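**Student:** Please see the structure below; I have some questions.
The values are calculated or read from the model by the stated rules, or taken from the named source; none is laboratory data. Just so we're clear, the structure is a prediction, and the values are computed from it rather than from any experiment. Note that we place each Cβ from the backbone using ideal geometry, even for glycine, and neighbour counts take in every protein chain shown. Only protein heavy atoms, including side chains, enter the accessible area calculation; ligands, DNA and RNA are left aside. Shrake-Rupley method; radii C 1.70, N 1.55, O 1.52, S 1.80 Å.
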Amino acid sequence: LHGAGVSEVYPDIEGKVLEEVRQIVGGIPLVATFDFHANFTNRMVENADLLIGYDTYPHIDGYERAVEAVNLTARMLDGSFKPTKAFRQPPMLPALQAQFTGRYPMAKLIEEAHRMEAMPGVETITVAAGFPWSDIPEAGMSFIVTTHNNQSLADSLAQSLSDMAWHMRRDFLVNPMPVREALRYVKAAAATPVVLADIGDNPGGGSPEDGTCVLEAILEEGLEGGILAVIWDPDVVTQALDAGEGQAINIQLGGHTDDLHGTPLTVTARVKGLADGTFTNEGPMGTGAQSDMGPTAVLDIGGNDVIVTSKRLQPTDLQLYKSLGIDPGTKRFVAVKSSVHFRAAHEPIAAEVIELDTPGLTSPRLTGFGFKNVRRPIFPLDVEMIGITELKTMDQN
(Lines give C-alpha, C1' and ligand atoms only; values in the text may rest on other atoms or scores of the structure.)
Protein backbone atom coordinates (compact mmCIF):
# COMPACT_ATOMS: atom_id res chain seq x y z
CA LEU A 1 0.00 0.00 0.00
CA HIS A 2 1.09 3.60 -0.46
CA GLY A 3 -0.51 5.11 2.62
CA ALA A 4 -1.56 8.56 1.40
CA GLY A 5 -4.61 7.71 -0.66
CA VAL A 6 -7.55 10.11 -0.35
CA SER A 7 -10.92 10.06 -2.08
CA GLU A 8 -14.07 12.11 -1.62
CA VAL A 9 -15.90 9.03 -0.31
CA TYR A 10 -13.04 7.51 1.70
CA PRO A 11 -10.58 10.10 3.08
CA ASP A 12 -8.51 7.20 4.47
CA ILE A 13 -8.36 4.78 1.54
CA GLU A 14 -5.74 2.44 2.96
CA GLY A 15 -7.46 2.36 6.34
CA LYS A 16 -10.65 1.32 4.57
CA VAL A 17 -8.79 -1.37 2.58
CA LEU A 18 -7.18 -2.81 5.71
CA GLU A 19 -10.50 -2.77 7.56
CA GLU A 20 -12.23 -4.65 4.76
CA VAL A 21 -9.40 -7.19 4.51
CA ARG A 22 -9.49 -7.71 8.28
CA GLN A 23 -13.18 -8.52 8.12
CA ILE A 24 -12.44 -11.15 5.48
CA VAL A 25 -9.36 -12.83 7.02
CA GLY A 26 -10.31 -12.60 10.68
CA GLY A 27 -7.42 -13.46 13.00
CA ILE A 28 -4.93 -14.36 10.26
CA PRO A 29 -1.84 -12.08 10.41
CA LEU A 30 -2.39 -9.01 8.27
CA VAL A 31 0.82 -7.28 7.18
CA ALA A 32 1.38 -4.38 4.77
CA THR A 33 4.37 -2.40 3.56
CA PHE A 34 4.06 1.33 2.98
CA ASP A 35 5.63 4.24 1.18
CA PHE A 36 7.77 6.73 3.10
CA HIS A 37 5.07 9.37 2.50
CA ALA A 38 2.29 7.40 4.16
CA ASN A 39 -0.13 9.36 6.33
CA PHE A 40 -0.72 6.69 8.95
CA THR A 41 -4.04 6.65 10.78
CA ASN A 42 -5.43 4.87 13.83
CA ARG A 43 -7.65 2.91 11.47
CA MET A 44 -4.60 1.52 9.65
CA VAL A 45 -2.76 0.68 12.85
CA GLU A 46 -5.76 -0.98 14.50
CA ASN A 47 -6.61 -3.20 11.54
CA ALA A 48 -3.13 -4.53 10.72
CA ASP A 49 -0.81 -6.67 12.81
CA LEU A 50 2.28 -5.16 11.25
CA LEU A 51 2.95 -2.03 9.17
CA ILE A 52 6.39 -1.50 7.67
CA GLY A 53 7.36 1.66 5.77
CA TYR A 54 10.34 2.49 3.60
CA ASP A 55 13.43 3.87 5.32
CA THR A 56 14.61 5.90 2.34
CA TYR A 57 13.64 8.89 0.25
CA PRO A 58 14.42 8.53 -2.64
CA HIS A 59 12.84 5.11 -2.16
CA ILE A 60 15.58 2.56 -2.81
CA ASP A 61 14.81 -0.03 -0.10
CA GLY A 62 11.49 -1.47 -1.29
CA TYR A 63 12.99 -4.95 -1.70
CA GLU A 64 14.57 -4.92 1.77
CA ARG A 65 11.34 -3.83 3.44
CA ALA A 66 9.42 -6.57 1.62
CA VAL A 67 11.89 -9.19 2.86
CA GLU A 68 11.60 -7.77 6.38
CA ALA A 69 7.81 -8.01 6.23
CA VAL A 70 7.88 -11.61 5.00
CA ASN A 71 10.38 -12.70 7.65
CA LEU A 72 8.39 -11.12 10.48
CA THR A 73 5.18 -12.64 9.13
CA ALA A 74 6.83 -16.08 9.24
CA ARG A 75 7.75 -15.49 12.87
CA MET A 76 4.17 -14.51 13.69
CA LEU A 77 3.00 -17.74 12.10
CA ASP A 78 5.44 -19.93 14.05
CA GLY A 79 4.61 -18.14 17.31
CA SER A 80 8.05 -16.62 17.97
CA PHE A 81 6.85 -13.04 17.45
CA LYS A 82 3.86 -11.36 19.09
CA PRO A 83 3.68 -7.80 17.75
CA THR A 84 2.88 -4.95 20.11
CA LYS A 85 2.61 -1.58 18.38
CA ALA A 86 2.82 2.04 19.44
CA PHE A 87 1.72 4.89 17.16
CA ARG A 88 2.67 8.53 17.66
CA GLN A 89 2.05 11.52 15.42
CA PRO A 90 3.51 14.93 16.30
CA PRO A 91 1.68 17.94 14.80
CA MET A 92 4.11 18.29 11.89
CA LEU A 93 3.51 18.59 8.15
CA PRO A 94 7.02 18.66 6.65
CA ALA A 95 7.59 19.59 3.01
CA LEU A 96 9.09 16.95 0.73
CA GLN A 97 12.49 18.66 0.48
CA ALA A 98 12.93 18.32 4.25
CA GLN A 99 11.99 14.63 4.00
CA PHE A 100 15.13 13.74 2.01
CA THR A 101 16.81 10.99 4.05
CA GLY A 102 20.29 11.73 2.71
CA ARG A 103 20.79 14.74 4.98
CA TYR A 104 19.83 16.25 8.32
CA PRO A 105 17.21 16.46 9.82
CA MET A 106 15.48 13.40 8.34
CA ALA A 107 18.71 11.41 8.39
CA LYS A 108 18.97 11.92 12.14
CA LEU A 109 15.50 10.50 12.79
CA ILE A 110 16.23 7.45 10.62
CA GLU A 111 19.57 6.95 12.36
CA GLU A 112 17.86 7.05 15.77
CA ALA A 113 15.19 4.61 14.62
CA HIS A 114 17.88 2.18 13.43
CA ARG A 115 19.68 2.53 16.77
CA MET A 116 16.45 1.62 18.56
CA GLU A 117 15.83 -1.33 16.24
CA ALA A 118 19.07 -2.86 17.51
CA MET A 119 17.70 -2.94 21.08
CA PRO A 120 16.51 -6.26 22.55
CA GLY A 121 12.80 -6.79 22.00
CA VAL A 122 12.45 -4.16 19.24
CA GLU A 123 11.46 -5.75 15.93
CA THR A 124 10.81 -2.91 13.48
CA ILE A 125 10.31 0.85 13.46
CA THR A 126 8.64 2.91 10.78
CA VAL A 127 9.40 6.60 10.40
CA ALA A 128 6.86 8.10 8.00
CA ALA A 129 7.35 11.67 6.83
CA GLY A 130 3.82 11.90 5.41
CA PHE A 131 2.31 13.40 2.27
CA PRO A 132 1.62 17.06 3.08
CA TRP A 133 -1.00 17.74 0.39
CA SER A 134 -3.49 15.13 1.60
CA ASP A 135 -6.19 17.24 3.22
CA ILE A 136 -7.09 14.84 6.04
CA PRO A 137 -6.68 15.22 9.81
CA GLU A 138 -3.90 12.61 9.98
CA ALA A 139 -1.66 14.07 7.26
CA GLY A 140 1.95 14.47 8.32
CA MET A 141 4.80 12.78 10.15
CA SER A 142 4.26 9.68 12.27
CA PHE A 143 6.11 6.87 14.01
CA ILE A 144 5.21 3.21 14.52
CA VAL A 145 7.33 1.12 16.87
CA THR A 146 6.70 -2.62 16.96
CA THR A 147 8.16 -4.74 19.74
CA HIS A 148 7.85 -8.39 20.73
CA ASN A 149 5.17 -8.57 23.41
CA ASN A 150 6.31 -5.39 25.16
CA GLN A 151 3.80 -2.56 24.89
CA SER A 152 5.52 -0.29 27.39
CA LEU A 153 8.80 -0.41 25.44
CA ALA A 154 6.98 0.34 22.19
CA ASP A 155 5.17 3.29 23.79
CA SER A 156 8.37 4.70 25.28
CA LEU A 157 10.38 4.54 22.05
CA ALA A 158 7.61 5.89 19.86
CA GLN A 159 7.13 8.85 22.18
CA SER A 160 10.88 9.47 22.22
CA LEU A 161 11.01 9.64 18.43
CA SER A 162 8.00 11.92 18.31
CA ASP A 163 9.55 14.27 20.88
CA MET A 164 12.83 14.26 18.98
CA ALA A 165 11.13 15.28 15.75
CA TRP A 166 9.16 18.01 17.51
CA HIS A 167 12.28 19.49 19.10
CA MET A 168 13.91 19.62 15.64
CA ARG A 169 10.83 20.99 13.88
CA ARG A 170 12.33 24.30 12.76
CA ASP A 171 15.05 22.35 10.97
CA PHE A 172 12.31 20.98 8.70
CA LEU A 173 11.66 24.40 7.17
CA VAL A 174 12.82 24.61 3.54
CA ASN A 175 14.29 27.47 1.54
CA PRO A 176 14.29 26.86 -2.22
CA MET A 177 16.08 29.34 -4.47
CA PRO A 178 14.24 31.83 -6.71
CA VAL A 179 14.41 30.69 -10.33
CA ARG A 180 16.16 33.73 -11.78
CA GLU A 181 18.75 33.74 -9.01
CA ALA A 182 19.47 30.08 -9.67
CA LEU A 183 19.87 30.60 -13.41
CA ARG A 184 22.30 33.48 -12.89
CA TYR A 185 24.21 31.20 -10.55
CA VAL A 186 24.39 28.56 -13.29
CA LYS A 187 25.76 31.14 -15.73
CA ALA A 188 28.70 31.81 -13.42
CA ALA A 189 29.25 28.22 -12.26
CA ALA A 190 32.63 26.70 -13.12
CA ALA A 191 31.66 23.10 -12.29
CA THR A 192 28.90 21.41 -14.27
CA PRO A 193 26.30 20.06 -14.60
CA VAL A 194 24.18 21.91 -12.07
CA VAL A 195 20.97 20.00 -11.41
CA LEU A 196 17.93 22.26 -11.03
CA ALA A 197 14.86 20.75 -9.39
CA ASP A 198 11.48 22.14 -10.46
CA ILE A 199 9.85 21.08 -7.20
CA GLY A 200 6.50 22.76 -7.88
CA ASP A 201 5.72 20.61 -10.94
CA ASN A 202 6.54 17.08 -9.77
CA PRO A 203 4.27 14.49 -11.42
CA GLY A 204 5.11 12.03 -8.66
CA GLY A 205 3.12 14.27 -6.33
CA GLY A 206 0.21 14.91 -8.68
CA SER A 207 1.24 17.85 -10.86
CA PRO A 208 0.61 17.90 -14.64
CA GLU A 209 4.32 18.10 -15.62
CA ASP A 210 3.56 20.62 -18.32
CA GLY A 211 4.73 23.68 -16.40
CA THR A 212 6.67 26.26 -18.41
CA CYS A 213 8.00 28.66 -15.75
CA VAL A 214 11.53 27.27 -15.71
CA LEU A 215 11.89 26.98 -19.49
CA GLU A 216 10.53 30.49 -19.99
CA ALA A 217 13.08 31.88 -17.53
CA ILE A 218 15.90 29.89 -19.17
CA LEU A 219 15.06 31.38 -22.56
CA GLU A 220 14.74 34.92 -21.21
CA GLU A 221 18.09 34.59 -19.42
CA GLY A 222 19.72 33.32 -22.63
CA LEU A 223 21.03 30.21 -20.92
CA GLU A 224 22.20 27.45 -23.27
CA GLY A 225 23.71 23.98 -23.13
CA GLY A 226 21.24 22.34 -20.78
CA ILE A 227 18.48 19.76 -20.60
CA LEU A 228 14.91 20.12 -19.41
CA ALA A 229 13.27 16.85 -18.36
CA VAL A 230 10.46 16.66 -19.05
CA ILE A 231 7.46 18.55 -20.43
CA TRP A 232 4.33 16.50 -20.98
CA ASP A 233 2.68 17.63 -24.21
CA PRO A 234 1.32 14.88 -26.48
CA ASP A 235 0.18 17.37 -29.15
CA VAL A 236 3.66 18.82 -29.55
CA VAL A 237 5.10 15.30 -29.80
CA THR A 238 2.64 14.60 -32.63
CA GLN A 239 3.78 17.78 -34.39
CA ALA A 240 7.40 16.69 -34.06
CA LEU A 241 6.65 13.21 -35.38
CA ASP A 242 4.77 14.65 -38.35
CA ALA A 243 7.60 17.05 -39.17
CA GLY A 244 10.47 14.60 -38.70
CA GLU A 245 14.01 14.95 -37.36
CA GLY A 246 15.92 18.04 -38.34
CA GLN A 247 12.82 20.07 -39.09
CA ALA A 248 11.77 23.33 -37.46
CA ILE A 249 8.31 23.54 -35.94
CA ASN A 250 6.31 26.40 -34.44
CA ILE A 251 4.64 25.21 -31.27
CA GLN A 252 2.55 26.16 -28.25
CA LEU A 253 4.44 24.18 -25.62
CA GLY A 254 3.08 23.19 -22.20
CA GLY A 255 0.81 25.11 -19.86
CA HIS A 256 -2.34 23.44 -21.17
CA THR A 257 -3.62 21.82 -17.94
CA ASP A 258 -4.10 24.82 -15.66
CA ASP A 259 -2.75 28.28 -14.90
CA LEU A 260 -0.79 27.21 -11.81
CA HIS A 261 2.41 26.09 -13.54
CA GLY A 262 2.87 28.63 -16.33
CA THR A 263 1.21 29.49 -19.63
CA PRO A 264 1.85 27.89 -23.04
CA LEU A 265 5.13 29.02 -24.62
CA THR A 266 5.07 30.11 -28.24
CA VAL A 267 8.46 29.06 -29.59
CA THR A 268 10.21 27.75 -32.66
CA ALA A 269 11.94 24.44 -32.04
CA ARG A 270 14.12 22.11 -34.07
CA VAL A 271 13.30 18.42 -33.85
CA LYS A 272 16.58 16.96 -32.64
CA GLY A 273 15.46 13.40 -31.95
CA LEU A 274 12.46 11.08 -31.84
CA ALA A 275 12.00 7.87 -29.85
CA ASP A 276 9.36 5.46 -28.57
CA GLY A 277 10.13 6.62 -25.02
CA THR A 278 10.84 3.22 -23.46
CA PHE A 279 13.89 2.33 -21.40
CA THR A 280 15.04 0.10 -18.54
CA ASN A 281 15.99 1.71 -15.23
CA GLU A 282 19.62 1.12 -14.33
CA GLY A 283 19.92 3.46 -11.35
CA PRO A 284 19.34 2.75 -7.65
CA MET A 285 15.60 3.48 -7.76
CA GLY A 286 13.40 0.90 -9.47
CA THR A 287 16.41 -0.97 -10.81
CA GLY A 288 15.44 -3.18 -13.74
CA ALA A 289 11.94 -1.73 -14.08
CA GLN A 290 10.61 -0.80 -17.49
CA SER A 291 9.76 2.88 -17.99
CA ASP A 292 7.54 4.29 -20.70
CA MET A 293 7.31 7.98 -21.63
CA GLY A 294 5.25 7.20 -24.71
CA PRO A 295 6.34 8.65 -28.06
CA THR A 296 8.97 11.25 -27.19
CA ALA A 297 10.65 14.18 -28.94
CA VAL A 298 13.89 15.94 -28.11
CA LEU A 299 13.53 19.56 -29.18
CA ASP A 300 16.31 22.11 -29.51
CA ILE A 301 14.84 25.25 -27.99
CA GLY A 302 17.22 28.14 -27.46
CA GLY A 303 20.25 25.84 -27.54
CA ASN A 304 18.82 23.46 -24.92
CA ASP A 305 17.53 19.89 -25.18
CA VAL A 306 13.88 19.93 -24.11
CA ILE A 307 12.44 16.44 -23.70
CA VAL A 308 8.73 16.38 -24.57
CA THR A 309 6.72 13.26 -23.80
CA SER A 310 3.32 11.73 -24.45
CA LYS A 311 3.11 10.23 -20.96
CA ARG A 312 3.99 11.71 -17.61
CA LEU A 313 7.13 10.32 -16.02
CA GLN A 314 9.24 11.71 -13.20
CA PRO A 315 12.94 11.83 -14.21
CA THR A 316 14.48 9.43 -11.70
CA ASP A 317 16.91 7.47 -13.89
CA LEU A 318 19.76 8.54 -16.19
CA GLN A 319 18.63 6.03 -18.81
CA LEU A 320 15.85 8.49 -19.58
CA TYR A 321 18.49 10.69 -21.24
CA LYS A 322 20.77 7.97 -22.55
CA SER A 323 17.90 6.22 -24.33
CA LEU A 324 17.52 9.45 -26.30
CA GLY A 325 21.21 9.72 -27.14
CA ILE A 326 21.89 12.41 -24.51
CA ASP A 327 24.77 12.32 -22.01
CA PRO A 328 23.55 14.44 -19.06
CA GLY A 329 27.03 14.55 -17.53
CA THR A 330 28.29 16.73 -20.36
CA LYS A 331 25.59 19.37 -20.04
CA ARG A 332 25.78 22.77 -18.39
CA PHE A 333 22.64 22.12 -16.38
CA VAL A 334 19.90 19.54 -16.03
CA ALA A 335 16.45 20.82 -15.04
CA VAL A 336 14.21 18.08 -13.66
CA LYS A 337 10.56 18.08 -12.66
CA SER A 338 10.99 16.25 -9.38
CA SER A 339 11.04 16.98 -5.65
CA VAL A 340 13.59 14.50 -4.26
CA HIS A 341 13.50 11.20 -6.19
CA PHE A 342 15.80 12.60 -8.88
CA ARG A 343 18.64 12.69 -6.35
CA ALA A 344 19.25 8.92 -6.36
CA ALA A 345 20.51 8.93 -9.96
CA HIS A 346 21.44 12.58 -10.49
CA GLU A 347 23.55 13.39 -7.42
CA PRO A 348 26.49 11.23 -8.61
CA ILE A 349 26.81 13.32 -11.80
CA ALA A 350 25.88 16.70 -10.32
CA ALA A 351 28.39 19.37 -9.47
CA GLU A 352 25.63 20.87 -7.38
CA VAL A 353 21.89 20.49 -6.78
CA ILE A 354 19.61 23.51 -6.46
CA GLU A 355 15.94 23.32 -5.50
CA LEU A 356 13.94 25.93 -7.39
CA ASP A 357 11.14 27.95 -5.80
CA THR A 358 8.62 27.21 -8.54
CA PRO A 359 4.82 27.50 -8.41
CA GLY A 360 2.56 24.49 -8.71
CA LEU A 361 0.63 21.73 -7.02
CA THR A 362 3.75 20.28 -5.35
CA SER A 363 5.17 23.56 -4.06
CA PRO A 364 6.42 23.46 -0.45
CA ARG A 365 4.59 26.75 0.18
CA LEU A 366 1.93 24.83 2.08
CA THR A 367 0.14 27.81 3.59
CA GLY A 368 -1.24 28.69 0.16
CA PHE A 369 -3.21 25.47 -0.35
CA GLY A 370 -6.30 26.31 1.74
CA PHE A 371 -6.45 23.18 3.87
CA LYS A 372 -9.87 22.43 5.34
CA ASN A 373 -9.40 19.13 7.17
CA VAL A 374 -5.78 18.97 8.37
CA ARG A 375 -5.66 19.03 12.17
CA ARG A 376 -4.81 22.46 13.53
CA PRO A 377 -2.68 23.93 14.84
CA ILE A 378 0.11 22.19 12.97
CA PHE A 379 3.70 23.02 12.03
CA PRO A 380 4.51 24.92 9.84
CA LEU A 381 1.04 26.20 8.86
CA ASP A 382 0.39 27.93 12.17
CA VAL A 383 2.74 30.58 13.51
CA GLU A 384 2.30 29.52 17.14
CA MET A 385 3.73 26.08 16.33
CA ILE A 386 7.03 27.42 15.00
CA GLY A 387 8.27 28.09 18.52
CA ILE A 388 10.09 31.37 17.98
CA THR A 389 9.79 33.75 20.92
CA GLU A 390 9.34 36.86 18.76
CA LEU A 391 6.26 35.32 17.15
CA LYS A 392 4.51 34.52 20.43
CA THR A 393 1.87 36.66 22.07
CA MET A 394 1.75 37.31 25.81
CA ASP A 395 -0.94 34.69 26.42
CA GLN A 396 0.98 31.87 24.69
CA ASN A 397 3.25 29.50 26.57
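**Student:** If you check GLN89, GLN97, which single one turns out to be modelled with pLDDT of 95 or more, open to solvent by 20 Å² or more (accessible area, probe 1.4 Å) and polar (S, T, N, Q)?
**Tutor:** After applying the criteria, what remains is GLN89.
**Student:** Looking at the range 13-25, can you tell me whether even one residue there is in a loop (DSSP other than H, G, I, E, B) and either open to solvent by 20 Å² or more (accessible area, probe 1.4 Å) or not polar (S, T, N, Q) (or both)? Full working, then the answer.
**Tutor:** Within the range 13-25, the first condition is being in a loop (DSSP other than H, G, I, E, B), and the residues that meet it are none.
The answer is no, given that none of the residues of the range 13-25 is in a loop (DSSP other than H, G, I, E, B) and either open to solvent by 20 Å² or more (accessible area, probe 1.4 Å) or not polar (S, T, N, Q) (or both).
**Student:** Further question: Just checking, does the range 47-59 include any residue being more than 25 Å from PHE342 (Cβ to Cβ), part of a loop (DSSP other than H, G, I, E, B) and not polar (S, T, N, Q)?
**Tutor:** There is at least one residue in the range 47-59 that is more than 25 Å from PHE342 (Cβ to Cβ), part of a loop (DSSP other than H, G, I, E, B) and not polar (S, T, N, Q).
**Student:** Look through THR33, THR56 and report the one residue that is hydroxyl-bearing (Ser, Thr, Tyr), in contact with a helix residue (DSSP H, G or I) (Cβ under 6 Å, 6 or more places away or on another chain) and buried (at least 18 other Cβ atoms within 10 Å of the Cβ).
**Tutor:** THR33
**Student:** Something else now. Taking the residues in the range 251-263 that are open to solvent by 50 Å² or more (accessible area, probe 1.4 Å) and more than 22 Å from the chain's Cα centre (by Cα) as candidates, determine which candidate is farthest from TRP232 (Cα to Cα).
**Tutor:** ASP259
**Student:** Given (1) open to solvent by 60 Å² or more (accessible area, probe 1.4 Å); (2) out of contact with any helix residue (DSSP H, G or I) (no Cβ under 8 Å at 6 or more places or on another chain); (3) over 26 Å from ASP259 (Cβ atoms); (4) not aromatic (Phe, Trp, Tyr), where does ASN373 come up short, assuming only one miss?
**Tutor:** Failing condition for ASN373: (3).
**Student:** Looking only at the range 359-384, how many residues end up being in contact (Cβ under 8 Å) with a residue 40 or more places away in the chain and closer than 25 Å to ALA107 by Cα?
**Tutor:** 8
**Student:** Let me ask something additional. Can you spot a residue in the range 141-151 that is part of a loop (DSSP other than H, G, I, E, B) and either among the acidic types (Asp, Glu) or within 26 Å of the chain's Cα centre (by Cα) (or both)?
**Tutor:** There is at least one residue in the range 141-151 that is part of a loop (DSSP other than H, G, I, E, B) and either among the acidic types (Asp, Glu) or within 26 Å of the chain's Cα centre (by Cα) (or both).
**Student:** Given the condition in contact (Cβ under 8 Å) with a residue 12 or more places away in the chain, assigned to a loop (DSSP other than H, G, I, E, B) and open to solvent by less than 40 Å² (accessible area, probe 1.4 Å), answer yes or no: does some residue in the range 62-73 qualify?
**Tutor:** No, the range 62-73 has no match at all.
**Student:** Right, another one. Check off (1) closer than 29 Å to PRO364 by Cβ; (2) surrounded by fewer than 23 Cβ atoms within 10 Å (Cβ to Cβ) for VAL230 and give me the number that stays unchecked.
**Tutor:** Unmet for VAL230, out of (1) closer than 29 Å to PRO364 by Cβ; (2) surrounded by fewer than 23 Cβ atoms within 10 Å (Cβ to Cβ): (2).
**Student:** In the set GLY102, GLY26, GLY3, GLY79, which member is in contact (Cβ under 8 Å) with a residue 24 or more places away in the chain, out of contact with any Asp or Glu (no Cβ under 7 Å at 6 or more places or on another chain) and small (Gly, Ala, Ser)?
**Tutor:** GLY102
**Student:** Something else: When residues of the range 184-200 are filtered for being surrounded by 15 or more Cβ atoms within 10 Å (Cβ to Cβ) and charged (D, E, K, R), how many remain?
**Tutor:** 1
**Student:** Could you tell me whether GLY286 is open to solvent by 10 Å² or more (accessible area, probe 1.4 Å), at positive phi, under 22 Å from the mean Cα position of the chain (by Cα) and of a type outside the set (Phe, Trp, Tyr)?
**Tutor:** Judged against the criteria, GLY286 is a match.
**Student:** Does GLU181 satisfy the criteria of being out of contact with any helix residue (DSSP H, G or I) (no Cβ under 6 Å at 6 or more places or on another chain), outside the structural domain of GLY222 (by the TED database), open to solvent by 60 Å² or more (accessible area, probe 1.4 Å) and without any contact (Cβ under 8 Å) to a residue 24 or more places away in the chain? Break it down stepwise before answering.
**Tutor:** Values: out of contact with any helix residue (DSSP H, G or I) (no Cβ under 6 Å at 6 or more places or on another chain): yes; outside the structural domain of GLY222 (by the TED database): no; open to solvent by 60 Å² or more (accessible area, probe 1.4 Å): yes; without any contact (Cβ under 8 Å) to a residue 24 or more places away in the chain: yes.
Spelling it out, it is not the case that GLU181 is out of contact with any helix residue (DSSP H, G or I) (no Cβ under 6 Å at 6 or more places or on another chain), outside the structural domain of GLY222 (by the TED database), open to solvent by 60 Å² or more (accessible area, probe 1.4 Å) and without any contact (Cβ under 8 Å) to a residue 24 or more places away in the chain.
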